[in-house]
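Working notes for the structure below.
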């Protein structure tokens, strides 16, 4: 992957190469932030959120898509599930392995494209994702793949936000998840916002309409996730309102 860019960003590379380069630069610091998050009150908030939907079951086969440094993978493995975390960025997978090993997690990790999954049909019971869909060049293809690899009646929990639509009008926060990100990396992030078609969609309505067309038996939206989990302006704070797209195959 080419990770050297001029300060004036005009990506002529393949979209995924540019996006992977951005996350390569952020991987180590991202892991350090997730390590802190695993020791913060956010851990309990997210664990309760996930358990609410998984209904206290054990031993589920779960795929964590765009796992980053493995935050969801670690939580779910510690709850007794069989978890595979995937991410297109090799450096992120290395960081997720480091973090999982440091806390004794049994989660497994692999480099893989969220839009082209290397799994058989009906492999998983559950798919989870957090802040992934907004930076996919072909989210429609991704959703079709996600539905393909979960079993009949399987569940998708996709937590995301309209980062692109909101980033110019955000209130100034004392603390937030990007406060230690360099200006150059912020510019790269904004470039991703502007170069992807999903940034122009009205979400999560778009997600619900697409998933219904793809044959999902149930699609429900929960717009309260952000206010519930990110009520405090700490170093994990995300000011853009997060929503949940909950899908039953």
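Quick check on residue 213: is it modelled with pLDDT of 85 or more, surrounded by 19 or more Cβ atoms within 10 Å (Cβ to Cβ) and either under 19 Å from residue 48 (Cβ atoms) or more than 18 Å from the chain's Cα centre (by Cα) (or both)?
In short, no.
Criterion first (farther than 21 Å from residue 248 by Cβ and either crowded, with 21+ Cβ neighbours inside 10 Å or touching a residue at least 40 places away in the same chain (Cβ under 8 Å) (or both)) does residue 97 satisfy it?
Answer is no for this residue.
Confirm whether residue 83 is farther than 25 Å from residue 153 by Cβ and over 14 Å from the mean Cα position of the chain (by Cα).
Considered against the rule, which asks whether it is farther than 25 Å from residue 153 by Cβ and over 14 Å from the mean Cα position of the chain (by Cα), residue 83 comes out as no.
Consider residue 136 carefully, then state whether it is within 20 Å of residue 51 (Cα to Cα) and surrounded by 19 or more Cβ atoms within 10 Å (Cβ to Cβ).
no
Being at pLDDT 95 or above and in contact with a helix residue (DSSP H, G or I) (Cβ under 8 Å, 6 or more places away or on another chain) is the filter; apply it to the range 221-241 and report the residue that is farthest from residue 147 (Cα to Cα).
Step by step, filter the range 221-241, then rank; the result is 225.
Restricting to the range 70-94, give me the number of residues that are more than 25 Å from residue 122 (Cβ to Cβ) and out of contact with any strand residue (DSSP E or B) (no Cβ under 9 Å at 6 or more places or on another chain).
Residues meeting the conditions: 2.
Filter the range 201-225 down to residues that are in contact (Cβ under 8 Å) with a residue 40 or more places away in the chain and outside any loop (DSSP other than H, G, I, E, B) and give me whichever is nearest to residue 165 (Cα to Cα).
Ranking the qualifying residues of the range 201-225, first place goes to 207.
Could you pull out every one of the strands (runs of 3 or more DSSP E) wholly within the range 103-200 that has 3 or more residues that are touching a strand residue (DSSP E or B) at 6+ places or on another chain (Cβ under 8 Å), over 17 Å from residue 84 (Cβ atoms) and modelled with pLDDT of 95 or more?
Because the criterion is at least 3 residues that are touching a strand residue (DSSP E or B) at 6+ places or on another chain (Cβ under 8 Å), over 17 Å from residue 84 (Cβ atoms) and modelled with pLDDT of 95 or more, the strands (runs of 3 or more DSSP E) in the range 103-200 that meet it are 150-161.
Six or more apart or on different chains, Cβ under 6 Å: which pairs go from a residue in the range 226-249 that's on the phi > 0 side of the Ramachandran plot and in a loop (DSSP other than H, G, I, E, B) to one that's surrounded by 19 or more Cβ atoms within 10 Å (Cβ to Cβ) and modelled with pLDDT of 95 or more? Could you list them?
The qualifying pairs do not exist here.
Evaluate the range 224-234: report whether one residue or more is surrounded by 15 or more Cβ atoms within 10 Å (Cβ to Cβ), closer than 25 Å to residue 43 by Cβ and under 15 Å from the mean Cα position of the chain (by Cα).
Yes, the range 224-234 contains at least one residue that is surrounded by 15 or more Cβ atoms within 10 Å (Cβ to Cβ), closer than 25 Å to residue 43 by Cβ and under 15 Å from the mean Cα position of the chain (by Cα).
Could you grab the pairs with beta carbons closer than 6 Å, sequence gap of 6+ or different chains, first residue in the range 47-69 and on the phi > 0 side of the Ramachandran plot and in contact (Cβ under 8 Å) with a residue 40 or more places away in the chain, second one surrounded by 15 or more Cβ atoms within 10 Å (Cβ to Cβ) and assigned to a loop (DSSP other than H, G, I, E, B)?
Pairs that qualify, where the first residue is on the phi > 0 side of the Ramachandran plot and in contact (Cβ under 8 Å) with a residue 40 or more places away in the chain and the partner is surrounded by 15 or more Cβ atoms within 10 Å (Cβ to Cβ) and assigned to a loop (DSSP other than H, G, I, E, B), are 66/114; 66/132.
The values are calculated or read from the model by the stated rules, or taken from the named source; none is laboratory data. All values derive from a computational prediction rather than experimental measurement. Counting neighbours? That spans all protein chains shown, and the Cβs are built from the backbone with ideal geometry, glycine included.
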